[in-house]
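Visitor: Can you read through this structure? Questions will come right after.
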Amino acid sequence: MTTTTKGLSTRCIHAGDALDPRGAIHTPLYSHSTFAFPSTQGVLDVVEGRASGSLYTRYGLNPTIRSVEEKLASIEGGESAWVFSSGMAAESATFLSFCKAGDHIICIGDVYGGTFELLGENLPSLGISTTFLLGSELGGLADAIKDNTRLIFFETPTNPNMEVFDIEAIAKLAHARGALVVVDNTFATPVNQSPLALGADLVLHSTTKYLGGHSDLTGGVVIGASKLLLPIWTWRKNLGQMMAPEVAHLLARSLRTLVVRVKAHNESAGLLARRLAEHPRVERVSYPGLPSHPQHDLAKRQMRGFGGMLSFLVRGDATATAAVVDRLELFSIAPSLGGVESLVTQPVTTTHHGLTPEERSRRGISAGMVRLSVGLEDVEDLWADLAHALEG
Ligand code: PLP
């Protein structure tokens with residue numbers, strides 16, 4: 001079925017599904033590592049790129065993997081997609097594909113702790129340098145771009161401060177100076193934000209989060225124009241970063257409900273953000289949907305919904321904050337996000353534990369900060385849990 005002109009929910013359900021000769025309602029799971037050919041010519045046609053076909057799963061030439069990649073490309077509005085064994089695999093293959101020794105990357109704002117380590121420690125060991133610009137330093141972006149700057153990377157909204165960056169403006173500036181723009185759209189999801197339509201060159205996701213949606217798979221994806229994705233293919237193949245077919249099948253299953261899930265996450269997180277903002281034990285709530293958010297106007301322009309993630313500052317020290325977190329019953333203490341179950345974390349204990357205290361304080365990540373991944377439980381139950389924990 002041609003789905004390119006269809007709505008997002010329709011694409012989530014039908015895009016990429018191959019017509020199955022045995023009548024299966026959507027693409028079956030082909031867990032096989034290799035595929036047989038009727039003749040030597042048939043193998044050569046696929047190996048030499050004259051025909052499409054299944055060949056070897058680590059290459060990504062597997063029907064279940066190709067099917068979920070078509071679905072992902074369609075829902076992000078990109079030409080093609082490559083899936084990976086994790087979000088970090090997608091990030092590392094992308095950086096390695098476009099940067100060699102002597103090249104430079106700019107990373108804007110807060111990023112996931114693992115990304116921070118990859119850009120700040122692993123890539124420099126290969127001669128690739130990164131300038132980290134805080135959101136408040138964005139005015140210096142033009143000066144930070146050098147002749148060897150290959151790409152600009154950022155999350156929006158960011159983790160855990162929920163800062164929002166203007167994708168269109170950054171892309172204009174980057175393109176005028178010959179740099180690529182890569183956006184991690186994990187927090188927003190394609191339901192709430194379309195970075196490619198705003199001028200980004202590539203979009204990345206940890207599919208472990210909202211796209212998987214049930215805290216039961218680990219994966220990543222990079223989406224964009226086919227020509228740009230070409231060099232990433234060989235890095236993925238030779239670093240052996242392929243998503244397992246079983247995971248690809250599970251991911252496709254989850255994507256079919258992405259729109260309803262994310263809309264429900266948006267609604268519950270919005271309600272909890274408003275109530276937390278009025279609570280006397282809460283100093284500040286960071287959620288792009290609140291009028292008090294510093295980039296609320298930009299968020300309204302750039303996003304269709306504000307997502308299921310929020311962070312807030314508890315009035316009190318680290319011990320008082322940990323006590324609030326420990327009193328929660330429905331929110332599980334866990335570092336991930338984007339699943340149907342609500343999760344809570346203090347970034348200083350998990351996602352940003354690896355940062356030095358100075359770097360954490362420069363980035364406004366304090367011991368009193370609590371990050372919530374608002375799940376799909378009944379929102380009044382979630383509020384009762386939060387109110388009880390804050391008041392206990
Ligand atoms: N990007 C964001 C925004 C994340 O939160 C994470 C992980 O928490 C990653 C990327 C890395 O993804 P993964 O854990 O699937 O490698």
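Visitor: Look at the stretch 278-293 and say how many of its residues are free of Cβ contacts under 8 Å to residues at least 24 places away in the same chain and surrounded by 16 or more Cβ atoms within 10 Å (Cβ to Cβ).
Guide: 2
Visitor: When you go through (1) modelled with pLDDT of 95 or more; (2) closer than 26 Å to G178 by Cβ; (3) within 16 Å of the ligand (Cβ to nearest atom); (4) not hydroxyl-bearing (S, T, Y) one by one for G77, which number turns out not to apply?
Guide: Here G77 meets the rest and fails (3).
Visitor: Name the pairs whose Cβ atoms lie under 8 Å apart, with the first residue in the stretch 371-392 and β-branched (V, I, T), the second in a loop (DSSP other than H, G, I, E, B), and 6 or more positions between them or separate chains?
Guide: That search, which allows pairs on different chains as well, returns V374/G308; V374/S342.
Visitor: Looking at S332, is it touching a strand residue (DSSP E or B) at 6+ places or on another chain (Cβ under 6 Å) and surrounded by fewer than 17 Cβ atoms within 10 Å (Cβ to Cβ)? Break it down stepwise before answering.
Guide: Values: touching a strand residue (DSSP E or B) at 6+ places or on another chain (Cβ under 6 Å): yes; surrounded by fewer than 17 Cβ atoms within 10 Å (Cβ to Cβ): yes.
Taking the combined requirement at face value, the residue satisfies it.
Visitor: From S136, S125, S92, grab the single residue that is out of contact with any helix residue (DSSP H, G or I) (no Cβ under 8 Å at 6 or more places or on another chain) and within 30 Å of L372 (Cα to Cα).
Guide: Testing whether each residue is out of contact with any helix residue (DSSP H, G or I) (no Cβ under 8 Å at 6 or more places or on another chain) and within 30 Å of L372 (Cα to Cα) leaves just S136.
Visitor: Related question: Out of everything in the stretch 87-110 that is surrounded by fewer than 23 Cβ atoms within 10 Å (Cβ to Cβ) and within 18 Å of G354 (Cα to Cα), what residue ends up being nearest to the ligand (Cβ to nearest atom)?
Guide: Per the stated criteria, the residue is M88.
Visitor: Scan the stretch 259-271 for residues that are among the hydrophobic types (A, V, I, L, M, F, W, C) and either surrounded by fewer than 22 Cβ atoms within 10 Å (Cβ to Cβ) or at positive phi (or both) and jot them down.
Guide: Kept after step one, since they are among the hydrophobic types (A, V, I, L, M, F, W, C), are these residues of the stretch 259-271: 259-260, 262, 264, 269, 271.
Within the stretch 259-271, V259, V260, A264, L271 meet the criteria.
The values are calculated or read from the model by the stated rules, or taken from the named source; none is laboratory data. Everything quoted here is computed from the prediction, not taken from an experiment. Don't worry about glycine lacking a Cβ; one is built from the backbone with ideal geometry, like all the others, and counts go over all protein chains shown.
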